[in-house]
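Note sheet for the following structure.
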């Protein structure tokens, strides 16, 4: 069952489901805008248009275009300059949540952390503690 939320666009109450994240009225408006963008991009001369150019010509918000690419309604295979921002750095990407540079940076950080942990662990094993007892001098 859906979740009762306020529409992020118009603040109206609606039930969110897996297909829609806005109310019915805003969904219909988004569909009209999608059709305008799709009709523009369908023309052969516009297939390589950048997001900025699409926004300029159609007047559709850039965030909506990012949303449609993320949901694969506008596929980068057909429209090579379409994409959405990396969740970490904001670079435009076509798949996943973060770009390749951020992914390799995260991998490097994890490997560095693991190496530090292994080093600390090896110090703990090699650092044998010696205990001395004080001899009682009995006379």
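The values are calculated or read from the model by the stated rules, or taken from the named source; none is laboratory data. Just so you know, these numbers come straight off a predicted model, no measurement behind them. Positions of Cβ are backbone-derived with ideal geometry, glycine not excepted, and every protein chain shown enters the neighbour counts.
Listed here are the helices (runs of 4 or more DSSP H) enclosed by region 1-90 that have at least 3 residues being out of contact with any helix residue (DSSP H, G or I) (no Cβ under 6 Å at 6 or more places or on another chain) and under 30 Å from residue 106 (Cβ atoms): 62-70. The single condition among (1) in contact (Cβ under 8 Å) with a residue 12 or more places away in the chain; (2) outside the structural domain of residue 79 (by TED's automatic domain parsing); (3) surrounded by 11 or more Cβ atoms within 10 Å (Cβ to Cβ) that residue 5 does not satisfy is (1).
Yes or no, residue by residue, for (1) modelled with pLDDT of 95 or more; (2) surrounded by 17 or more Cβ atoms within 10 Å (Cβ to Cβ):
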residue: 12; (1), (2): no, no
residue: 19; (1), (2): no, no
residue: 22; (1), (2): no, yes
residue: 27; (1), (2): no, no
residue: 32; (1), (2): yes, no
residue: 44; (1), (2): no, no
residue: 47; (1), (2): no, no
residue: 52; (1), (2): no, no
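For residue 60, the conditions (1) in contact (Cβ under 8 Å) with a residue 12 or more places away in the chain; (2) assigned by TED's automatic domain parsing to the domain that holds residue 45; (3) more than 26 Å from residue 9 (Cα to Cα) all hold with the exception of (3).
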